[in-house]
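Everything on this sheet refers to the single structure shown next.
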């Protein structure tokens with residue numbers, strides 16, 4: 001049976017006859033399928049959105065506790081041992097993180113329901129005790145697991161289950177970060193670079209908006225960053241923005257390489273996962289004591305705010321990269337996206353201070369450029385800039401994202417990411433992210 005015949009059989013398309021007319025039967029079948037997509041989007045948006053809000057509130061609570069109880073950092077190695085034990089208790093000895101979710105979208109890889117409680121609990125513990133990790137990457141795993149298993153519950157076939165998985169990713173990302181437009185497109189864009197899966201557009205949009213609406217209804221406050229005055233676009237300003245974006249693309253390569261090699265190095269040097277994560281925790285403690293600052297523990301949203309004022313420490317982008325590589329490489333759980341935004345903002349702030357430019361605009365450009373270079377998702381990167389910083393700086397963000405995308409190569413936070421098209425030439429390459 002061809003794909004077209006299967007689509008007709010299942011009522012998954014509006015089928016036109018040879019004269020371009022839509023039959024009544026196929027119209028109603030298509031309408032039923034459309035309402036089915038909307039129902040799925042609402043259902044997944046409510047469930048995943050509720051989990052996302054709970055996850056976000058817990059992260060905020062444990063972060064506030066950690067900041068007022070400095071002594072808790074010294075229990076980071078013990079917390080790490082607890083995380084490894086928890087994963088072993090759930091019989092997950094080969095955690096593949098977000099790569100598993102991406103593989104489930106590209107192939108037939110199943111996502112067990114245990115992934116949701118695993119990443120939920122482990123990320124909260126990592127934040128509580130001071131590991132340098134984010135949260136949005138964890139949200140992709142959390143939402144992907146919820147979506148995939150809701151698809152199983154609804155008895156959807158494999159292709160439709162992938163759509164429901166994307167809905168879950170969109171919903172938790174939207175509830176957690178407050179960017180429904182970015183969340184809807186990121187889930188469709190992240191698995192196959194160069195190909196946006198528009199068949200999932202309606203349910204992902206519905207799921208994202210539902211989750212975001214639920215979060216706002218429950219009193220969740222979205223964190224936005226203000227770019228006060230945007231200078232008029234000129235050739236000189238465009239060149240300065242382009243240079244920052246190209247440099248940010250190179251920094252994104254450094255970030256991806258450091259995260260991947262750190263994990264491999266830890267596993268090569270310390271085979272036992274319990275000892276490995278304890279050693280990683282001890283290194284984080286030692287570095288924190290050496291630097292006499294807690295600026296690199298946790299997600300670091302407060303440092304991003306400092307970057308917009310031009311007050312972030314100059315080496316912050318390199319030190320955050322080091323702390324994050326050690327934390328994730330040793331086995332602590334969380335996301336890579338907020339660290340990439342942190343690194344982008346602080347690098348942009350440094351660039352502004354060096355050249356006497358506006359720190360808020362440069363921090364915003366750095367954030368968008370790093371996000372794009374590390375994820376290879378230019379459409380989502382533009383949307384996240386518009387949602388977080390406003391529309392006024394759009395020409396700068398557009399230039400920066402284009403440059404960062406082109407100059408960041410084929411490196412990625414996610415080694416399972418499929419890069420379908422060349423970034424510079426009109427041809428298929430079909431390769432994995434480095």
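The lone criterion from (1) outside any helix (DSSP H, G or I); (2) touching a helix residue (DSSP H, G or I) at 6+ places or on another chain (Cβ under 8 Å) left unmet by residue 148 is number (1).
Residues of segment 233-258 that are over 18 Å from residue 367 (Cβ atoms) and in contact with a helix residue (DSSP H, G or I) (Cβ under 7 Å, 6 or more places away or on another chain): 233, 238, 258. Taken over segment 91-139, residues that are out of contact with any strand residue (DSSP E or B) (no Cβ under 9 Å at 6 or more places or on another chain), part of a loop (DSSP other than H, G, I, E, B) and either at pLDDT below 90 or farther than 27 Å from residue 320 by Cα (or both) amount to 15.
Specify which of the listed residues (383, 407, 371) is under 17 Å from residue 347 (Cβ atoms), at pLDDT 95 or above and within 16 Å of the chain's Cα centre (by Cα).
On the way: 383 fails: under 17 Å from residue 347 (Cβ atoms); 407 fails: within 16 Å of the chain's Cα centre (by Cα).
Just one listed residue meets the conditions, 371.
I want to confirm something. Restricting to segment 57-87 and keeping residues that are loosely packed, with under 14 Cβ neighbours inside 10 Å and without any contact (Cβ under 8 Å) to a residue 60 or more places away in the chain, which single residue is farthest from residue 176 (Cα to Cα)? Across segment 57-87, the extreme among qualifying residues is 71.
Residues are listed down the side, and each one gets a yes or a no for (1) closer than 17 Å to residue 182 by Cα; (2) surrounded by fewer than 24 Cβ atoms within 10 Å (Cβ to Cβ); (3) touching a residue at least 24 places away in the same chain (Cβ under 8 Å):
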| residue | (1), (2), (3) |
| --- | --- |
| 363 | no, no, yes |
| 367 | yes, no, yes |
| 373 | yes, no, yes |
| 383 | yes, yes, yes |
| 389 | yes, no, yes |
| 397 | yes, no, yes |
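What about residue 126, is it crowded, with 24+ Cβ neighbours inside 10 Å and within 16 Å of the chain's Cα centre (by Cα)?
Details: crowded, with 24+ Cβ neighbours inside 10 Å: yes; within 16 Å of the chain's Cα centre (by Cα): no.
So residue 126 fails the test.
So, residue 352, is that one modelled with pLDDT of 95 or more and buried (at least 24 other Cβ atoms within 10 Å of the Cβ) or not? For residue 352, the condition - modelled with pLDDT of 95 or more and buried (at least 24 other Cβ atoms within 10 Å of the Cβ) - is not met. Has segment 154-163 got at least one residue that is surrounded by fewer than 24 Cβ atoms within 10 Å (Cβ to Cβ), under 30 Å from residue 74 (Cα atoms), in the same structural domain as residue 115 (by TED's automatic domain parsing) and at pLDDT 90 or above? So far as segment 154-163 goes, no, none of its residues is surrounded by fewer than 24 Cβ atoms within 10 Å (Cβ to Cβ), under 30 Å from residue 74 (Cα atoms), in the same structural domain as residue 115 (by TED's automatic domain parsing) and at pLDDT 90 or above.
Being at pLDDT 95 or above and out of contact with any helix residue (DSSP H, G or I) (no Cβ under 9 Å at 6 or more places or on another chain) narrows it down to one of 361, 319, 290, 341, so name that one.
Values: 361 fails: out of contact with any helix residue (DSSP H, G or I) (no Cβ under 9 Å at 6 or more places or on another chain); 319 fails: out of contact with any helix residue (DSSP H, G or I) (no Cβ under 9 Å at 6 or more places or on another chain); 341 fails: out of contact with any helix residue (DSSP H, G or I) (no Cβ under 9 Å at 6 or more places or on another chain).
After applying the criteria, what remains is 290.
For residue 142, are the conditions met, namely being in contact with a helix residue (DSSP H, G or I) (Cβ under 7 Å, 6 or more places away or on another chain) and more than 20 Å from residue 325 (Cα to Cα)? Full working, then the answer.
Details: in contact with a helix residue (DSSP H, G or I) (Cβ under 7 Å, 6 or more places away or on another chain): yes; more than 20 Å from residue 325 (Cα to Cα): yes.
Judged against the criteria, residue 142 is a match.
Here the condition is being within 27 Å of residue 70 (Cβ to Cβ) and more than 24 Å from the chain's Cα centre (by Cα); of 243, 303, 235, 285, it holds for 285 alone.
Taking the condition in the same structural domain as residue 287 (by TED's automatic domain parsing), touching a residue at least 60 places away in the same chain (Cβ under 8 Å), touching a strand residue (DSSP E or B) at 6+ places or on another chain (Cβ under 7 Å) and closer than 26 Å to residue 141 by Cα, does residue 401 pass? Give the derivation first.
On the way: in the same structural domain as residue 287 (by TED's automatic domain parsing): yes; touching a residue at least 60 places away in the same chain (Cβ under 8 Å): yes; touching a strand residue (DSSP E or B) at 6+ places or on another chain (Cβ under 7 Å): no; closer than 26 Å to residue 141 by Cα: yes.
Answer is no for this residue.
If you go through segment 20-42 one residue at a time, do you hit one that is under 21 Å from the mean Cα position of the chain (by Cα), modelled with pLDDT of 90 or more and buried (at least 20 other Cβ atoms within 10 Å of the Cβ)? For segment 20-42, residues under 21 Å from the mean Cα position of the chain (by Cα), modelled with pLDDT of 90 or more and buried (at least 20 other Cβ atoms within 10 Å of the Cβ): present.
Among all residues of segment 152-159, there is none that is touching a helix residue (DSSP H, G or I) at 6+ places or on another chain (Cβ under 8 Å), more than 16 Å from residue 47 (Cα to Cα) and not in a loop (DSSP other than H, G, I, E, B).
The values are calculated or read from the model by the stated rules, or taken from the named source; none is laboratory data. The model shown is predicted, which means the values in this text are computed figures rather than measured ones. Positions of Cβ are backbone-derived with ideal geometry, glycine not excepted, and every protein chain shown enters the neighbour counts.
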